[in-house]
Amino acid sequence: MTQRWHVLGVGAIGGLFACRLQGAGADVTLLTRDSAAPPRQLILKDRPTRTHTFAQQSIATSDAKTAADRPIERLLVCTKAWAAEDAIRSVAPDLSEDSTVVLLCNGMGLAESVAPLIRQATLILGSTTSGCRRTPEGELILSGEGNTQLGAFDQSMPPPIWLPDWQRGVPDCQWEPDIRSVLLAKVALNAVINPLTAIHGVSNGDLFAPLLREITAQSIEEVQRLLLAAGEAEIAATLPHRVRAVCEMTASNHSSMRVDMESGKRTEIDAIVGWLLTELVADPPATPHLRALYDAVKKRSHDD
């Protein structure tokens, strides 16, 4: 039976996963805020280059339209962290207790905000290291396959029946029962790399150049301090190695926070550094360097 998916947030990653799922045989519909919703083509520059055509469905419709008119069985959310709650609220009437929502966004704290909005629907959380960027012409340029990990918000839930479909279309896709630890490790990593590259306007690999090596180490140490206060010793211990490894593997890449800041867009600083500073532990230790980075990003970006 063909799996039906709706994708909310069709940027680079949302577009990539829409193409991957369609390539695995899924029936994929893109959700749009535009009242007119003609079919849309996405060109994925892979080996080989492929053109994917998708139906679109407008979420800017009358309140009289009910879930029975346009039900959403499975929803993949790839919006920016700050946009996720409002985006899901806009489609919540189209979800039922049999629906599944996969949240593939950066940051922490989103699941707790989203869960009440989707009522009895199943909530799945995801993390991906796949790299993709969208050109001004709208083409999707794959910069790294990476791996994708999925896990249930309710950790007692077994892998879903649709997981094999994802594993056919999404390279190195795994089910991870302890998805919170995966997400926390990624947030810790991003809390080091993203604000530094954004504030200094550098590529990832530059963080270990002589000019920035010391403040990079300072960021790592303060994120470790927060992790240890929360009892996350293993994630803290592996953080220095993971930061260096990612910076070396993606040396020429621009972090998403740097791209957002330089484009005059709102950043995801609140869901990454902001969450670590205020939500990870009830009585956080002093982290003046990390706080200064957070304040600098907020001041220079279009947040709030």
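The values are calculated or read from the model by the stated rules, or taken from the named source; none is laboratory data. As the structure is a computational prediction, the values presented were derived from the model and not from experiment. Glycine also receives a Cβ, built like all others from the backbone with ideal geometry; neighbour counts cover every protein chain displayed.
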Given the criteria aromatic (Phe, Trp, Tyr), surrounded by fewer than 21 Cβ atoms within 10 Å (Cβ to Cβ) and either farther than 27 Å from residue 59 by Cα or touching a Cys at 6+ places or on another chain (Cβ under 9 Å) (or both), does residue 162 qualify? no
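Scan the range 78-90 and give yes if some residue there is assigned to a strand (DSSP E or B) and surrounded by 14 or more Cβ atoms within 10 Å (Cβ to Cβ), otherwise no. Steps first, please.
The first filter runs over the range 78-90 and keeps only residues assigned to a strand (DSSP E or B), leaving none.
No, there is no match, as no residue in the range 78-90 is assigned to a strand (DSSP E or B) and surrounded by 14 or more Cβ atoms within 10 Å (Cβ to Cβ).
Based on this model, can you work out whether residue 127 counts as closer than 19 Å to residue 181 by Cβ and either in the same structural domain as residue 11 (by TED's automatic domain parsing) or crowded, with 19+ Cβ neighbours inside 10 Å (or both)? Talk me through it step by step, then tell me what you get.
Details: closer than 19 Å to residue 181 by Cβ: yes; either in the same structural domain as residue 11 (by TED's automatic domain parsing) or crowded, with 19+ Cβ neighbours inside 10 Å (or both): yes.
Spelling it out, residue 127 is indeed closer than 19 Å to residue 181 by Cβ and either in the same structural domain as residue 11 (by TED's automatic domain parsing) or crowded, with 19+ Cβ neighbours inside 10 Å (or both).
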Could you figure out which of (1) surrounded by fewer than 18 Cβ atoms within 10 Å (Cβ to Cβ); (2) of a type outside the set (Gly, Ala, Ser); (3) touching a strand residue (DSSP E or B) at 6+ places or on another chain (Cβ under 7 Å); (4) in contact (Cβ under 8 Å) with a residue 60 or more places away in the chain isn't true of residue 167? (4)
Considering every residue within the range 132-141, establish whether at least one is of a type outside the set (D, E, K, R), on the phi < 0 side of the Ramachandran plot and exposed (fewer than 14 other Cβ atoms within 10 Å of the Cβ). yes
Pairs with Cβ under 9 Å, 6+ apart, first in the range 222-240 and closer than 23 Å to residue 196 by Cα, second at pLDDT below 95 and among the basic types (Lys, Arg): none
For the range 20-40, enumerate the residues that are at pLDDT 90 or above, part of a loop (DSSP other than H, G, I, E, B) and within 23 Å of the chain's Cα centre (by Cα). 24, 26
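I need the full set of residues from the range 235-265 which are β-branched (Val, Ile, Thr) and either touching a strand residue (DSSP E or B) at 6+ places or on another chain (Cβ under 6 Å) or part of a helix (DSSP H, G or I) (or both), in order please.
Across the range 235-265, the qualifying residues are 235, 238, 243, 246, 259.
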Failed item in (1) part of a helix (DSSP H, G or I); (2) more than 21 Å from residue 275 (Cα to Cα), with residue 160 passing the rest: (1)
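Among the residues of the range 263-273, what is the count of those that are surrounded by fewer than 20 Cβ atoms within 10 Å (Cβ to Cβ) and either in contact with a His (Cβ under 8 Å, 6 or more places away or on another chain) or closer than 20 Å to residue 230 by Cβ (or both)? Steps first, please.
Initial filter on the range 263-273 (surrounded by fewer than 20 Cβ atoms within 10 Å (Cβ to Cβ)): 263-266.
Of the ones still in play, those that are also either in contact with a His (Cβ under 8 Å, 6 or more places away or on another chain) or closer than 20 Å to residue 230 by Cβ (or both) are 264-266.
Qualifying residue count for the region: 3.
Of all residues being in contact with a helix residue (DSSP H, G or I) (Cβ under 8 Å, 6 or more places away or on another chain) and part of a loop (DSSP other than H, G, I, E, B) in the range 266-285, which is farthest from residue 206 (Cα to Cα)? Just the residue, please. Please lay out each step first, then the result.
Our first condition is that a residue be in contact with a helix residue (DSSP H, G or I) (Cβ under 8 Å, 6 or more places away or on another chain); within the range 266-285, this holds for 266-277, 280-281, 283-285.
Subsequent filtering for residues that are part of a loop (DSSP other than H, G, I, E, B) retains 266-268, 280-281, 283-285.
Working: 266: 23, 267: 21, 268: 21, 280: 28, 281: 31, 283: 33, 284: 29, 285: 28 Å.
Out of the qualifying residues, it is 283.
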Scan the range 92-113 residue by residue and report those that are β-branched (Val, Ile, Thr) and either modelled with pLDDT under 95 or under 12 Å from the mean Cα position of the chain (by Cα) (or both). 102
Give the number of residues within the range 146-156 that are surrounded by 14 or more Cβ atoms within 10 Å (Cβ to Cβ) and more than 15 Å from the chain's Cα centre (by Cα). 2
